[in-house]
Amino acid sequence: MTPDQMSQKAMDLFMQRMHCSQAVAAAGLEALGLDQPEVIKSLGAFGGGVASSGRVCGCLTGAVAMLSGLFSRSDPSGKESPLMWKLSARMMRRFEELTAEFGSVDCRDIARCDWRDREAVKAFYGQPDSRRVVCRQLVGDTAKALGEILERAKAEGQL
């Protein structure tokens, strides 16, 4: 799966009401041929910023969680690869570039939605000209950036 295909896959999932965090991670996992529904499920509460707080955008947390899952350890005796930090930092820098126009990497500044206000959430999902259009594009751009990071890691023999 190419970075452009990852972008489209993530946007499609987002438009089917999957959270941004889940859509980005799902595209990354699919690109690597990994079926890990528990990872996607665990990322649900990162949409809308952590716990709908409006803080760090779920696109970033989904991408970093996917990379961490590839290179971290699952128990104290395991070994953690320094690639987890290297690739996650690369993703962070790329995401900061993608969100520069919003002034931060926070959901509140990107989506401009109070996720705890039912009417605001209804408007976000129900109105065709809502900030959901912006979020859809950011989901796609983030998945593409993740794909480019994964491609580079493969080319460098890291995956």
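Please treat every number below as a calculation from the coordinates, not as lab data. Since this is a predicted model, take the numbers as computed values, not measurements. Cβ coordinates were reconstructed from backbone atoms using ideal geometry, including for glycine residues, and neighbour counts include every protein chain displayed.
For the reader, a short list of remarks on this structure follows.
- Between segment 1-48 and segment 99-159, the alpha-carbon center distance in angstrom: 12
- Here Cα Rg over 2.2 N^0.38 Å was computed from the coordinates, and among [x] 0.96; [y] 1.14; [z] 1.01 the match is [z].
- Nearest-0.05 FRET efficiency for R131 and L159, computed from C-beta distance (R0 30 Å): 0.30
- Selection from L34, S52, M84 lying farthest towards where the dipole of the chain points positive, charges on Cβ: S52
- For the chain, calculated [θ]222 nm from helices alone, where every DSSP H run of n ≥ 4 adds -39500 (n - 2.57): -19000 deg cm²/dmol
- Using the Cβ-Cβ distance between E119 and S42 with R0 set to 25 Å, the FRET efficiency from 1/(1 + (r/R0)^6) comes to roughly 0.30.
- Net charge dipole size for the chain [Lys, Arg +1 and Asp, Glu -1 on Cβ; Debye, nearest 20]: 200
- Folded to 0 to 90 degrees: helix 132-155 orientation relative to the chain principal axis, Cα: 10
- In terms of surrounding Cβ atoms within a 10 Å radius of their Cβ, C59, C107 rank from fewest to most as C107, C59.
- Shown for S81, S21: other C-beta atoms within 10 Å of each C-beta, ranked fewest to most, produce the order S81, S21.
- Lysines whose Cα lies under 30 Å from that of K122, excluding same-chain neighbours fewer than 8 positions away: K9, K41, K144
- For the chain, the longest principal axis of the alpha carbon atoms and the long axis of helix 83-98 meet at an angle near 30°.
- Mean separation of Cα contacts under 8 Å (6+ apart) over length of the chain, as relative contact order %: 30
- Computed from Cα positions, the angle between helix 3-15 and the longest principal axis of the chain comes to roughly 40 degrees.
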